[in-house]
Amino acid sequence: MADRRSRSVSSRKQPQQARSNDLVAAILDAAIQVLAKEGAQRFTTARVAERAGVSVGSLYQYFPNKAAILFRLQSDEWRRTSELLRDILADRAKRPLVRLRALVHAFIRSECEEAAIRVALSDAAPLYRDAPEAQDARAAGEGIVTAFMREALPKASDATRVLAGELIATTLSEVGKTFSEETRSEAEIAAYAGAMADMFCAYLEKLARR
């Protein structure tokens, strides 16, 4: 089973024409709808094809199996998260802790806005989490955090910066997922994100004083 999960989950081929792009977009949109409605356990290529209004054969031209579709949805999510990290954390016009605070607020809001699909993708993660593409995607996000920690904690050791980055990233991800599992008001989101940002900033300030 482990060998099967570690196989590539890339799309079978990349669309080259506008018509093909539209077909892939329709398949992915249908996949989101099926995943949100049926959940990961009842997610199948047949249901996606039916919802998209295409044949299963047409779907297989671009996605060889359901794991490939789910990974594409997840990789799109990872790409958006990486862009969020890069846009905020790499903005050197602002102080590191200001950037960190902005990231926490943006991330928690994003988690709440897309909670249903994120939970379903998390349930489907065993299908693709060990694939090489998944490892590459995670590494990209880790690189952004590593660069930020070097700037935020210039006098700290590498081990301290790695630990700080892992603690913040893991806490933000796991707590954000749990928080977003219930419908939240704007006030609740702002208050929760503010409290998390306060905690992270206090932690980095303490490390910087050592």
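The values are calculated or read from the model by the stated rules, or taken from the named source; none is laboratory data. As the structure is a computational prediction, the values presented were derived from the model and not from experiment. Cβ: placed from backbone, ideal geometry, glycine included. Neighbour counts: every protein chain shown. Just so you know, the surface numbers come from the protein's heavy atoms only, side chains and all, with ligands and any DNA or RNA stripped out. Shrake-Rupley method; radii C 1.70, N 1.55, O 1.52, S 1.80 Å.
Work out, step by step, the length gained on full extension between Ala190 and Ala106: first 0.36 nm times the residue separation, then minus their alpha carbon distance; give nm to one decimal.
Separation in residues times 0.36 nm, less the Cα-Cα distance, equals 29.3 nm.
Over the chain, with a Gaussian network built from C-alpha contacts below 10 Å, which listed residue (Ile144, Ile117, Ile69) shows the highest mean-square fluctuation?
Maximum fluctuation in the GNM of the chain, among the listed residues, is at Ile144.
Taking all protein chains as present, what is the carbon and sulfur share of the accessible area of the chain, in % to the nearest whole number, probe 1.4 Å?
Summing carbon and sulfur atoms, their accessible area is 51 percent of the total for the chain.
Cα-based count: Lys pairs in the chain below 29 Å, eight or more positions apart or different chains?
Summing the qualifying lysine pairs gives 10.
What accessible area per residue comes out for the chain, rounded to a whole number of Å², with a 1.4 Å probe?
56 Å²
Is the C-alpha gyration tensor of the stretch 97-197 telling us rounded, prolate or oblate? Criteria: a/c under 1.5 is rounded; beyond that, a/b larger than b/c is prolate, otherwise oblate.
In terms of gyration-tensor shape, oblate.
Once the piece of chain linking Arg95 and Met199 is laid out straight, how much longer is it, given 0.36 nm per residue of separation minus the C-alpha distance between them?
35.8 nm
For Glu151 and Gln41, compute 0.36 nm times the residue count separating them, minus their Cα-Cα distance, and round to one decimal in nm.
35.3 nm
Could you tell me the center-to-center distance, by alpha carbons, between the stretch 25-96 and the stretch 155-172 in angstrom?
30 Å
Per DSSP H run of n ≥ 4, the term is -39500 (n - 2.57); total these for the chain, divide by its residue number, and report the mean residue ellipticity at 222 nm rounded to 500 deg cm²/dmol.
One gets -25000 deg cm²/dmol as the mean residue ellipticity at 222 nm.
To two decimal places, what compactness ratio does the stretch 153-210 give when its Cα radius of gyration is scaled by 2.2 N^0.38 Å?
1.33
Just to verify a number: FRET efficiency for Asp158 and Asp87, C-beta to C-beta distance, R0 = 25 Å, to 0.05?
The pair Asp158/Asp87 has a calculated efficiency of 0.45.
To the nearest 20 debye, what is the magnitude of the charge dipole of the stretch 82-210 about its Cα centre, counting +1 on the Cβ of each Lys and Arg and -1 on the Cβ of each Asp and Glu?
860 debye
Give me log10 I(q)/I(0) at q = 0.09, 0.11, 0.19 Å⁻¹ for the chain, Debye formula, one equal scatterer per alpha-carbon, no solvent.
Values returned for q = 0.09, 0.11, 0.19 Å⁻¹ are -0.42, -0.61, -1.30.
What order do Thr183, Thr81, Thr170 take when sorted by accessible area (1.4 Å probe), most exposed first?
Sorted by accessible area, descending: Thr183, Thr170, Thr81.
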